[in-house]
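Worksheet: the structure to be examined is printed underneath.
The values are calculated or read from the model by the stated rules, or taken from the named source; none is laboratory data. The model shown is predicted, which means the values in this text are computed figures rather than measured ones. Counting neighbours? That spans all protein chains shown, and the Cβs are built from the backbone with ideal geometry, glycine included. For the accessible areas, the whole protein counts, side chains as well, though only heavy atoms, and no ligand, DNA or RNA atoms are used. Shrake-Rupley method; radii C 1.70, N 1.55, O 1.52, S 1.80 Å.
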Amino acid sequence: RKGYDILPYLPVLAGYPVGSVARTDAFLSDFRRVIADLFAENYAGEMARLCHANGLSFACEPYGNSPTDDLQYGAACDIPMGEFWIPRGDGRPMDTRWGNRKAGNGAFVASIAHYWGKPVVGAESFTAYPTPTSGRWLEHPYSIKAQGDRILADGVNRFYFHRYVHQPWTSPTVYPGMTMAYYGGHYERTQTWWYNGFKAYLAYLTRVQFMLQRGQPVSDILFDVGGEAPNFGIAGKAPDGWKCDHANAEMIRALKRDGDRLVSPGGARYRVLAKPEDDVAAMLKSVGCAPDFLCGEGGVSWIHRRDGDDEIYFVARSGETATTIPCLFRDGRGKASAELWDPDKAILRRV
């Protein structure tokens, strides 16, 4: 793959340099890149080919403990998926190589979907450890809604609940029923709220996810995370008021220019291409790109999609009391009218 025989360099894999330090490092870079390429082609890529040959779509969580370039690995997915977990509540860490399980990695998989034009971004949702305050049938729609809203604002637009287990006993019904060992939020008909609050919450999610699957995402920043492998594809954070996606070297090379926009193969349009360490807010200001969304209170999450001439903003707040906050929507200026949709109550109000 790289134009030379691996045999003379095998001592490097046992910790011995071959030739100079630079030559040894160059081999290791090539070796890791080839491994990542093979994973992408022969595992994720082959699974996608087999699924498509049999009339199936391929959904995958393209990350974990494998020596991969995760952005490259996830490009094969029809539905790239992330995950997020309910907080443990016992003080123990929930960190992984891609971040914190509570925060999830929805923004990472959304980058893959946005760049390649995949309309659905999935997430293994509300997974839980069994602790005195999480799992063990302790969750309910009200307790999970705020966390779910923040994940939706990261770009996820289809929840896969962790978990629904088949409950075969109906006469009489056995409570609490079957489990998937002791993990999960236990979302099934043996829950006390299954026929009450969960129906309303699913209706809310249906409305929100329908809107967040429409049109194209609006992200002004594309971060170049480089071409080395392994690569987790998560370096770089957007300044307040803007959204970003992430791309590896292969994805950067596939960009096209359209006026003052960089356009991905899937139709995503970006104003600036930046390295994670750049001063990105200054770059955006220099090209006249104002913040997409601003509000007068912290703890507010948001995402923006464009569907034809319509600008769709999803805005959510984590507080439990009603309040009024000023918000500025960049792409709402100049519109003849605006509509405020309440997905909880299915109410439409013109403003």
Original post:
Got a sec? Which residues in segment 212-232 would a label at LYS2 touch, if it sits 7 Å along Cα→Cβ and we count backbone N under 11 Å?
Top reply: 229
Original post:
Going down the list LYS2/LYS285; LYS285/LYS335; LYS2/LYS102; LYS118/LYS237; LYS275/LYS335; LYS118/LYS199, which pairs span over 31 Å between their C-alpha atoms?
Top reply: LYS2/LYS285; LYS2/LYS102; LYS275/LYS335
Original post:
How high is the FRET efficiency between TYR195 and ARG253 when r is their beta carbon distance and R₀ equals 35 Å, given to the nearest 0.05?
Top reply: 0.10
Original post:
Listed highest first by mean packing, meaning other Cβ atoms within 10 Å per residue, what order do 267-277, 175-185 come in?
Top reply: 267-277, 175-185
Original post:
For labels at ASP309 and TRP169 in the simple 7 Å Cα→Cβ model, what's the distance in nm?
Top reply: 6.0 nm
Original post:
GNM, the chain, Cα, under 10 Å: largest mean-square fluctuation among PRO11, PRO62, PRO130?
Top reply: PRO11
**OP:** Among HIS52, HIS246, HIS304, determine the one that fluctuates most according to a GNM of the chain built with springs between C-alpha atoms less than 10 Å apart.
**Re:** HIS52
Subject >> Separation between Cα centres of segment 170-198 and segment 316-343, rounded to whole Å >> reply: 36 Å
**OP:** Pull out a ≥ b ≥ c, the square roots of the eigenvalues of the alpha-carbon gyration tensor of segment 1-106, then state rounded if a/c is under 1.5, prolate if not and a/b is larger than b/c, and oblate in the remaining case.
**Re:** oblate
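For the chain, what is the accessible area per residue in Å² when the probe is 1.4 Å?
Value returned for the chain: 52 Å² of accessible area per residue.
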Original post:
In Å, what is the Rg of the alpha-carbon atoms in the chain, and how long is Dmax?
Top reply: 22.6, 74
**OP:** Do me a favour and compute the ellipsoid semi-axes for segment 86-204 from its Cα gyration tensor, root of five times each eigenvalue, largest one first, whole Å.
**Re:** 27, 18, 13
**OP:** Please figure out what share of the DSSP beta bridges in the chain is antiparallel and state it in percent, rounded to the nearest 5.
**Re:** 60 percent
**OP:** Would you mind telling me which residue in ASN42, ASN105, ASN248 has the biggest mean-square fluctuation in a Gaussian network model of the chain, where springs connect alpha carbons within a distance under 10 angstrom?
**Re:** ASN42
Original post:
Which of the helices in the chain, when you take each full DSSP H run, stretch at least 20 Å along the axis at their Cα atoms and have an average Kyte-Doolittle score of 1.6 or higher?
Top reply: none
